[in-house]
Amino acid sequence: MYIFQIKAYEPKLLNKFIPSLKVALTDSLKGDISISVLRTPIRKKRFTLLKSPHVNKTAREQFEVRAYSCLVKVNSTSIVVQDVEQTIQKMVPPGITIKCTNKYVL
């Protein structure tokens, strides 16, 4: 079993990439393959900045950055890690990061 963690800052980009990734993995890898996608909670970071730090302490501006992520589990008996990584790295659009974790379950 191989687990890939996919992160993006735009949910539309992530939603378009996941179905195309599933199709590409099933087409390129042969054998008994099961692919499952697990959505993880949205990570929010909030920042507060003072507009004028000397006079008005109440004049503040707030910003928020949201990070969307999901886990893709590829389970198969006869695949090689390099094949999976190469097919995924060819498809990755800008704005998406992928981290690979290899797990072997006996």
Original post:
Do we find that residue 96 is touching a strand residue (DSSP E or B) at 6+ places or on another chain (Cβ under 6 Å), among the hydrophobic types (A, V, I, L, M, F, W, C), closer than 23 Å to residue 3 by Cα and touching a residue at least 40 places away in the same chain (Cβ under 8 Å) in this structure?
Top reply: yes
Original post:
Going through the range 22-48 one residue at a time, which ones are surrounded by 10 or more Cβ atoms within 10 Å (Cβ to Cβ), over 17 Å from the mean Cα position of the chain (by Cα) and either aliphatic (A, V, I, L, M) or farther than 22 Å from residue 87 by Cβ (or both)?
Top reply: 29, 33
Original post:
Can you name every residue in the range 53-66 that is assigned to a strand (DSSP E or B) and either in contact with a Pro (Cβ under 6 Å, 6 or more places away or on another chain) or not aliphatic (A, V, I, L, M) (or both)?
Top reply: 60, 61, 62, 63, 64, 66
Original post:
Which of the residues belonging to the range 26-52 are of a type in the set (Lys, Arg) and not in a loop (DSSP other than H, G, I, E, B)?
Top reply: 39, 43, 44, 45, 46
Original post:
Do we have any residue at all in the range 3-17 that's among the aromatic types (Phe, Trp, Tyr), touching a residue at least 12 places away in the same chain (Cβ under 8 Å) and touching a helix residue (DSSP H, G or I) at 6+ places or on another chain (Cβ under 9 Å)?
Top reply: yes
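We did not get these values from a lab; they are worked out from the coordinates using the rules stated. Quick caveat: nothing in here was measured; it's all calculated off a predicted structure. Neighbour counts are summed over all protein chains in view; Cβ atoms, including those assigned to glycine, are modelled from backbone coordinates with ideal geometry.
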